[in-house]
Each structure stands twice: as C-alpha cells, then as structure tokens.
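Some notes on the structure that comes next.
The values are calculated or read from the model by the stated rules, or taken from the named source; none is laboratory data. In this text, all values refer to a predicted model and were calculated from it rather than measured experimentally. With ideal geometry, Cβ positions are generated from the backbone for all residues, glycine too; neighbour counts draw on all protein chains shown.
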Amino acid sequence: LPPIIKMAEAKPLLERSFFQRALENLNINSIMLDTQYRMHPALIDFPSKIFYDDALKTGIKPEQRPTPQEINFINKQIPLMFVDVDEGYERIHGSNIFNKEEAELVCQTIQTLLPTRQPNLSPIDIGVITPYARQVKEIVEKLSAMKVPKGVEIRTVDGFQGREKNVVLISLVRSNNDNEIGFLINEQRMNVLLTRAKCAMIVFGNKRTLMANSLWKLWIEGVPNVSSTRFVNECLTKQNQITDQHQSSSRKETKPYTNNKKPSNYRKTYSK
C-alpha cells in the first residue's frame with residue numbers, strides 16, 4: 001500500500017512507489033501472478049474484474065473453503081454479506097474517525113459467532129479490518145468489555161496487508177451527510193480490504209454514504225446479500241437462543257450425584 005499523504009504538495013512525489021517508478025521509467029519486464037489460492041472463488045470475482053482486468057484465476061474450489069456453520073445467516077454459495085448500518089454515524093476524535101454503532105454491531109456478531117461447545121470457528125479464525133486506528137481501539141475495548149475470547153485479530157487496512165483469515169469482518173466507519181469516504185476512495189486499500197477472507201466476509205457500512213462513490217456503488221450492487229442491522233440483530237438473537245438451548249440441554253444430560261463441575265464461563269477477557 002502507498003503511504004498516507006496529507007500534504008497536497010507532497011503527493012506528486014510520494015504517491016507512487018519505487019516499484020511503480022521503475023516500471024514506468026526503466027526497461028523492466030513485470031510478470032503478474034495470475035492464480036490465487038486464498039479466497040473462496042465467489043469472493044474473488046469483484047477484485048479480479050476491477051483490480052486485475054479480469055485476469056485473476058482461482059486455484060481453489062468452493063468445497064475447499066466451506067462457510068463455518070456458525071455463520072448460518074449467510075449464503076453458503078456466495079459467502080459475502082453487506083450490512084447497511086444506516087443508524088450509525090461517524091465521530092471525530094482528534095484527526096481520527098470512529099463509529100460507535102458500527103463497532104457495537106461488529107462486536108455482537110463476533111460474540112455470537114464464537115460458540116461455547118465444540119466450536120468449528122475459533123477466535124484465531126476471525127479478523128476485523130477497518131480503515132481507522134481509532135475504530136480499532138473502539139472495537140478492542142468493546143470486545144474486552146464483552147469478555148470475548150482472546151485471539152480475534154483487529155487491525156487497520158495497512159496492518160492487515162499480507163494477512164488472511166477464514167472469516168473477515170470489515171468496518172468501513174464512514175457515515176455522514178456529505179458522503180465523504182476518506183481513505184476508502186483509495187483503490188489499493190479497497191483491494192486489500194476485499195481480499196483477506198478465505199471462507200466468508202461480512203462488511204459493515206453506511207450504504208447511502210458509500211453509494212456516492214462509483215466504485216463502492218458498483219461493489220454494493222454486486223453483493224447478493226445486502227442486509228439491514230435489524231435483520232442481522234434478529235439473526236444474532238436467534239443464534240444466541242439456539243446456543244442457550246444447547247447449553248441448557250447439555251446441563252440436563254449431566255448425571256446427578258457426581259463430581260462433575262458446572263460448565264466454566266468460556267468468555268475470557270479479550271486482549272489484543
């Protein structure tokens with residue numbers, strides 16, 4: 001990714017990498033790595049068409065990237081969901097931006113995805129990416145307060161470059177009446193955002209604000225599953241009820257007059 005440049009005068013000198021300059025000014029041949037082995041095939045369609053001239057092929061079959069059963073509210077054939085957080089709004093903290101409502105929904109989703117017994121999905125399988133460091137802090141603090149198990153990796157876009165996770169949740173943060181999207185306008189950062197997930201990806205953002213940008217508009221229009229926060233909350237509530245029923249059933253099956261300990265509280269304090 002290129003550096004974040006705040007001075008307009010410096011952009012012409014710094015916005016292009018040394019590699020880009022070498023390709024443009026020197027007689028150097030480049031070779032594109034055209035086969036990816038990370039993502040579910042359905043997740044690579046948009047990045048391939050927009051960022052790689054539709055030349056990116058996949059060496060992965062769908063059955064090699066199964067959707068975790070804990071995500072029962074997502075399309076298994078196209079494990080991609082956009083959640084329109086229309087009631088959230090961005091706040092400014094110094095020179096940084098965060099979105100409390102969006103962070104809350106992200107954390108609730110993570111908490112629900114981590115079951116108590118025989119999990120197929122563990123904290124280390126989940127990654128959270130956001131363009132703003134202040135939003136990282138917001139999510140870390142909320143997960144800690146909710147006593148979510150350790151292991152969920154939360155980073156900015158730049159911090160997640162080169163990383164991958166089975167399940168990726170993306171918090172886009174921007175939500176304003178001026179339709180300003182800041183870092184999200186950068187195509188390279190958008191590419192990194194959308195290419196970290198191996199099995200499933202859930203993106204949280206304000207649809208109205210994002211649709212003002214032609215590229216994000218194109219992406220949202222291509223997502224088969226665009227949901228409201230109300231729908232997601234209902235799914236999370238239903239999933240929690242199923243988990244509670246399972247726990248209750250497990251306790252009833254425990255034989256009396258034994259020294260079996262009660263199930264321990266699996267929710268340990270989160271640390272980054």
(message) Can you pull out every residue in segment 23-50 that is of a type in the set (Asp, Glu) and either part of a loop (DSSP other than H, G, I, E, B) or over 15 Å from residue 194 (Cα atoms) (or both)?
(response) 24, 34
(message) With the requirement that a residue be farther than 20 Å from residue 109 by Cα, in contact with a strand residue (DSSP E or B) (Cβ under 8 Å, 6 or more places away or on another chain) and at pLDDT 95 or above, what does segment 60-87 give you?
(response) 65
(request) State the number of residues belonging to segment 146-160 that are crowded, with 17+ Cβ neighbours inside 10 Å and over 11 Å from the mean Cα position of the chain (by Cα). (result) 3
(request) Kindly provide the set of residues from segment 125-179 that are part of a loop (DSSP other than H, G, I, E, B), free of Cβ contacts under 8 Å to residues at least 24 places away in the same chain and not polar (S, T, N, Q), ordered by number. (result) 162, 178
(request) Would you be able to tell me the number of residues in segment 66-86 that are of a type in the set (D, E, K, R), over 20 Å from residue 219 (Cβ atoms) and touching a residue at least 24 places away in the same chain (Cβ under 8 Å)? (result) 1
(request) For segment 200-219, name all the residues that are farther than 16 Å from residue 99 by Cβ, surrounded by fewer than 17 Cβ atoms within 10 Å (Cβ to Cβ) and either of a type outside the set (A, V, I, L, M, F, W, C) or within 15 Å of the chain's Cα centre (by Cα) (or both). (result) 214, 217
(request) Please determine, by comparing only the residues of segment 88-104 that are surrounded by 21 or more Cβ atoms within 10 Å (Cβ to Cβ) and either touching a helix residue (DSSP H, G or I) at 6+ places or on another chain (Cβ under 7 Å) or within 14 Å of residue 231 (Cβ to Cβ) (or both), which one is modelled with the lowest pLDDT. (result) 88
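A quick yes/no check of all residues on (1) among the basic types (Lys, Arg); (2) within 19 Å of residue 51 (Cβ to Cβ):
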{"position": "155", "(1), (2)": "yes, no"}
{"position": "164", "(1), (2)": "no, yes"}
{"position": "188", "(1), (2)": "no, yes"}
{"position": "191", "(1), (2)": "no, yes"}
{"position": "194", "(1), (2)": "no, yes"}
{"position": "217", "(1), (2)": "yes, yes"}
{"position": "225", "(1), (2)": "no, no"}
{"position": "230", "(1), (2)": "yes, no"}
(message) So residue 26 passes all but one of these: (1) surrounded by fewer than 19 Cβ atoms within 10 Å (Cβ to Cβ); (2) touching a Phe, Trp or Tyr at 6+ places or on another chain (Cβ under 8 Å). Which condition number does it fail?
(response) (2)
(request) Report, by residue number, each residue of segment 172-194 that is surrounded by fewer than 20 Cβ atoms within 10 Å (Cβ to Cβ) and of a type in the set (Gly, Ala, Ser). (result) 182
